[in-house]
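The values are calculated or read from the model by the stated rules, or taken from the named source; none is laboratory data. Bear in mind that the values here come from a model prediction, so they are computed numbers and not experimental data. Here the Cβ positions follow ideal geometry from the backbone for every residue, glycine too, while neighbour counts run over all protein chains shown. Calculation scope for accessible area: heavy atoms of the full protein, side chains included, ligands and nucleic acids excluded. Shrake-Rupley method; radii C 1.70, N 1.55, O 1.52, S 1.80 Å.
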Amino acid sequence: AGVTYAKVGLAGQDKAGDWIHRFERLAKELADRVPLIPVAYADWERSCAPAMDNVFAFAFDTGAPFVLIDTHVKDGAGLFHWISCEQLRKFGDACERNGVGLAVAGSLQRSDIVRILDLPVAVIAVRGAACKSNDRMAPVSSRSVRDLKNSMRHSSVGSGEPEL
């Protein structure tokens, strides 16, 4: 009912050993109605998730439409606390070579988004940055969304504009 994609977080799955089987079973249950997006957590070790490289390999092997890099623990340590722009570029380049879109999230602030614009990223996913007072538990603010879009539009960085 209006769902284009569904992200599947893999926190707690590194010790389970059957995360690939469980992901594939879920994908089969949904048939082709809702494509699943595997989440590679930048803070994968503390979230007990599969290593990022393993999630990317899985996404490439299965032809996932996207793979999402996110942070699991929401404690203020955003994406760039865990991963550098250079690492993000390498993941993005690998996605492009494999025909998979790269989506990024993880407590992104406006300054982070501007840094991402020159990277091979298809989707920038935000929550807190789109909410009143940057509070991810507050309602989405049309002013915050407008400010984010303006920051992207007026940035001198980037040749293309990822989807927000």
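Scanning the range 64-87 for residues that are open to solvent by 40 Å² or more (accessible area, probe 1.4 Å), assigned to a loop (DSSP other than H, G, I, E, B) and not β-branched (V, I, T) yields P65, H72, K74, D75, G76, S84. Taking the criterion of being closer than 18 Å to D112 by Cβ, in contact (Cβ under 8 Å) with a residue 12 or more places away in the chain and open to solvent by 50 Å² or more (accessible area, probe 1.4 Å), the only residue of the range 88-102 that qualifies is R89.
Working only within the range 10-39, note down all residues that are among the hydrophobic types (A, V, I, L, M, F, W, C) and within 19 Å of the chain's Cα centre (by Cα). Within the range 10-39, L10, A11, W19, I20, F23, A27, V34, L36, I37, V39 qualify.
Annotation: of all residues in the range 1-37 being in a loop (DSSP other than H, G, I, E, B) and in contact with a helix residue (DSSP H, G or I) (Cβ under 6 Å, 6 or more places away or on another chain), the one that is most open to solvent (accessible area, probe 1.4 Å) is Q13.
Among the residues of the range 38-63, those identified as aliphatic (A, V, I, L, M), assigned to a loop (DSSP other than H, G, I, E, B) and crowded, with 20+ Cβ neighbours inside 10 Å are A42, A49. Selection over the range 1-38 of residues that are of a type in the set (S, T, Y) and either touching a strand residue (DSSP E or B) at 6+ places or on another chain (Cβ under 7 Å) or on the phi > 0 side of the Ramachandran plot (or both) gives a count of 1.
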